[in-house]
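The values are calculated or read from the model by the stated rules, or taken from the named source; none is laboratory data. Worth saying up front: this structure is predicted, and the values here are computed from it rather than measured. All Cβ positions, even for glycine, are placed from backbone atoms using ideal geometry, and neighbour counts span all protein chains on display.
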Amino acid sequence: MSELEPLVSAYAELYLQLMRTMDRRMADQGASLARTKLLLCLQKRGPLRATDIADFFSQSPRTVTEAIDGLERDGLVERKPDPDDRRAKFINVTEKGLEAAAKTEPLRRQLIDQTFGTLDDDERATLLRLLNKASASLKSADAAD
């Protein structure tokens, strides 16, 4: 076992526990973590093609298309023609979609506060710095491939 494996395991366990808890709490309020993540992605990144969304979330295009279909049926996103490619559509979050994502904000904030609120300011700053450093290293290695 590598000396780094406990670190990776602890990070993965925290992430999975955070996602499971968030999904369960959102479901209790009639929301979905997967749908909320997609809406927030569109809110932050602007209109995207389904293929770009699939790449961003490392999901199959079919999975993303099914999710978009459901969001569109519920009026949370809309498809608009891509002016550069007649075959493609841009997915855009609607006002109703923005409102749905905003309703989950207090729940997301509460869980983040519960998770990281036990760390003092210096510990949070150190954790953030270290996570950013590890992320930059991985991005650099990925770009070199």
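Let's see how each residue does on (1) modelled with pLDDT of 95 or more; (2) out of contact with any helix residue (DSSP H, G or I) (no Cβ under 8 Å at 6 or more places or on another chain):
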site	(1), (2)
GLU3	no, yes
PRO6	no, yes
ARG25	no, no
ASP28	no, yes
ALA31	no, no
GLY46	no, yes
ARG73	yes, yes
ARG79	yes, no
ASP82	no, yes
Review point. Conditions: (1) surrounded by 13 or more Cβ atoms within 10 Å (Cβ to Cβ); (2) free of Cβ contacts under 8 Å to residues at least 60 places away in the same chain; (3) within 17 Å of CYS41 (Cβ to Cβ). ALA88 meets all but one. Number of the miss?
Key: (3)
Study note, to complete from the structure: Selection over region 14-36 where residues are farther than 21 Å from PRO61 by Cβ, without any contact (Cβ under 8 Å) to a residue 24 or more places away in the chain and surrounded by 11 or more Cβ atoms within 10 Å (Cβ to Cβ) yields a count of 5
Check your understanding: So is LYS44 among the basic types (Lys, Arg) and touching a strand residue (DSSP E or B) at 6+ places or on another chain (Cβ under 9 Å) or not?
Key -> no
Review point. Which of (1) at pLDDT 95 or above; (2) surrounded by fewer than 17 Cβ atoms within 10 Å (Cβ to Cβ) is the odd one out, the single condition LEU39 does not satisfy?
Key: (2)
Point to revise | Residues of region 94-127 classified as surrounded by 14 or more Cβ atoms within 10 Å (Cβ to Cβ), farther than 20 Å from ALA10 by Cβ and not charged (D, E, K, R), total | key: 7
Revision key, fill the gap. If we take region 1-115, then helices (runs of 4 or more DSSP H) inside it with 3 or more residues that are within 16 Å of the chain's Cα centre (by Cα) and farther than 27 Å from LEU131 by Cα are 61-73, 95-103
